[in-house]
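What follows is a set of notes on a single structure, which appears directly below.
The values are calculated or read from the model by the stated rules, or taken from the named source; none is laboratory data. Small disclaimer: the values here were computed from a predicted structure and weren't measured. Because the Cβ atoms are built from the backbone with ideal geometry, glycine has one as well, and the counts that use them run over all protein chains shown.
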Amino acid sequence: MTAAMGRFGVSPQAWGMIALALTVSIWAAFALSARALSTSTLLPADAALLRFGVPLVVLAPALWRRRSRIARVRPAAALKIVCGAGVPFFLAAMYGGSLTSAAFVGSIVPGMVPLFVSALMVAKGRGLPRGSQAAGLALIAVGVVVLVWRHVVPLNGDVLTGSAVLLIASGLWALYTVGLREVDLDPVGSIGLLCLPSFAVIGLLVLTGLLPTGIAGAAGGDIALFLVVQGLGVGLCAGLLYAFAIRRLGAERSSVVGSLSPVLVVLLAVPLLGESPALTVLIGVPLITAGVLLANRRPRAAALTVTPDAQNPVPSLRPKVPADA
């Protein structure tokens with residue numbers, strides 16, 4: 001593959017940067033689509049069907065070859081992955097985005113993950129964060145407080161409720177992060193482990209009427225948008241592209257560029273969604289980004305780092321990328 005890329009006169013490092021730029025764009029598109037769903041003709045269940053169904057269709061032959069490895073995953077780890085990044089996470093992110101803004105989705109969900117993951121690690125008996133990681137986590141917390149502060153006085157119940165739901169989504173993603181480190185699957189296998197049960201759950205909820213669906217009468221443009229962004233982009237391409245970028249650039253370098261996703265969300269939300277960032281957003285988002293950057297700095301003697309994950313548009317503990325990825 002490297003030789004084939006070299007024929008175009010582009011170095012492996014340049015290909016890695018291209019892959020990383022595409023990945024960050026997809027992460028930003030996830031946050032934008034979470035906000036755009038509130039004005040779409042699609043319902044949350046419809047978006048979830050596209051998010052988890054499209055990767056299964058595209059990867060069906062590859063997933064069939066990996067069926068035995070996927071089946072051997074321990075139930076506890078599988079449950080963390082399916083709950084942490086499947087239907088509960090997706091619906092929480094979409095609902096939280098409908099009550100807040102793209103900037104909130106793009107900042108709170110990825111930004112708070114390092115804090116939640118650190119809490120899970122401490123609960124498992126790991127030591128407390130120190131040095132730059134502790135400073136980074138503190139900056140993240142301050143940034144989130146700044147982000148929501150203007151909605152506390154005067155009180156804005158919808159935004160605060162949405163922010164709380166986004167915090168739940170971030171906590172779920174941290175659970176997924178921990179589960180992902182407990183499985184021995186390549187990126188394709190991990191996508192299958194997540195999408196297959198998630199698609200089955202959302203399909204069951206729709207068939208039983210517990211979740212309404214409007215996909216039959218939805219606008220074709222809305223279906224195409226979410227199919228590309230959620231199904232092909234978030235569900236399929238983000239994981240594969242980020243795994244490729246890590247191999248070409250390394251986890252630390254990839255995480256630094258990936259941490260700029262919240263800033264990109266704020267910039268794109270202005271022309272695409274008509275959002276006008278308030279002063280608290282302009283202060284809070286850079287604080288969260290700086291905090292993620294600091295939390296991503298790996299001490300020379302430590303093994304614990306925080307980087308964007310290879311499966312979805314939000315930062316997490318650096319996942320193990322097997323040699324056969």
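Looking only at helices (runs of 4 or more DSSP H) that lie completely in the range 72-139, which have at least 1 residues being farther than 30 Å from residue 229 by Cβ and touching a helix residue (DSSP H, G or I) at 6+ places or on another chain (Cβ under 9 Å)?
On the way: elements: 75-85, 87-99, 102-123.
Result: 75-85, 102-123.
Tell me yes or no: at least one residue of the range 156-176 is modelled with pLDDT of 85 or more and in a loop (DSSP other than H, G, I, E, B). Taking every residue of the range 156-176 in turn, at least one turns out to be modelled with pLDDT of 85 or more and in a loop (DSSP other than H, G, I, E, B).
Inclusion of residue 293 among residues that are modelled with pLDDT of 85 or more and more than 15 Å from the chain's Cα centre (by Cα) is not warranted. When the range 213-236 is filtered for residues that are surrounded by fewer than 20 Cβ atoms within 10 Å (Cβ to Cβ), under 16 Å from residue 22 (Cβ atoms) and touching a residue at least 12 places away in the same chain (Cβ under 8 Å), only 232 remains.
Within the range 201-212, can one find any residue that is among the polar types (S, T, N, Q) and in contact (Cβ under 8 Å) with a residue 12 or more places away in the chain? Spell out how you get there, then give the answer.
Applying the first criterion (among the polar types (S, T, N, Q)) to the range 201-212 yields 208.
Pick out the ones that are also in contact (Cβ under 8 Å) with a residue 12 or more places away in the chain and you get none.
Within the range 201-212 (the criterion being among the polar types (S, T, N, Q) and in contact (Cβ under 8 Å) with a residue 12 or more places away in the chain), the answer is no, since none of the residues qualifies.
All told, residue 310 falls short of being under 17 Å from residue 131 (Cα atoms), modelled with pLDDT under 85 and either part of a helix (DSSP H, G or I) or hydrophobic (A, V, I, L, M, F, W, C) (or both).
Being at pLDDT below 90 and surrounded by fewer than 23 Cβ atoms within 10 Å (Cβ to Cβ) is a property that residue 186 has. Considering only residues in the range 29-63 that are charged (D, E, K, R) and either modelled with pLDDT of 95 or more or within 15 Å of residue 231 (Cα to Cα) (or both), the one that is surrounded by the most Cβ atoms within 10 Å (Cβ to Cβ) turns out to be 51. Is at least one residue of the range 77-84 within 30 Å of residue 275 (Cα to Cα) and modelled with pLDDT under 95? Checked against the condition, which is being within 30 Å of residue 275 (Cα to Cα) and modelled with pLDDT under 95, the range 77-84 yields at least one hit.
Where in the range 181-295 are there helices (runs of 4 or more DSSP H), lying fully within it, with 3 or more residues that are touching a helix residue (DSSP H, G or I) at 6+ places or on another chain (Cβ under 7 Å)?
Numbers: elements: 187-207, 220-226, 238-249, 251-258, 261-273.
Once the helices (runs of 4 or more DSSP H) in the range 181-295 are filtered for at least 3 residues that are touching a helix residue (DSSP H, G or I) at 6+ places or on another chain (Cβ under 7 Å), what remains is 187-207, 238-249, 251-258, 261-273.
So if I check each of 51, 35, which one is within 22 Å of the chain's Cα centre (by Cα), within 20 Å of residue 203 (Cα to Cα) and charged (D, E, K, R)? Even if it seems obvious, please write down each step before you answer.
Working: 35 fails: within 20 Å of residue 203 (Cα to Cα).
Residue meeting the stated conditions: 51.
Scanning the range 73-98 for residues that are within 20 Å of residue 264 (Cα to Cα) and surrounded by fewer than 24 Cβ atoms within 10 Å (Cβ to Cβ) yields a single hit, 98.
Scanning the range 111-134 for residues that are in contact (Cβ under 8 Å) with a residue 60 or more places away in the chain, surrounded by fewer than 16 Cβ atoms within 10 Å (Cβ to Cβ) and small (Gly, Ala, Ser) yields 131, 132.
Pick from 114, 129: which is more than 23 Å from residue 161 (Cβ to Cβ), under 14 Å from the mean Cα position of the chain (by Cα) and not acidic (Asp, Glu)?
114
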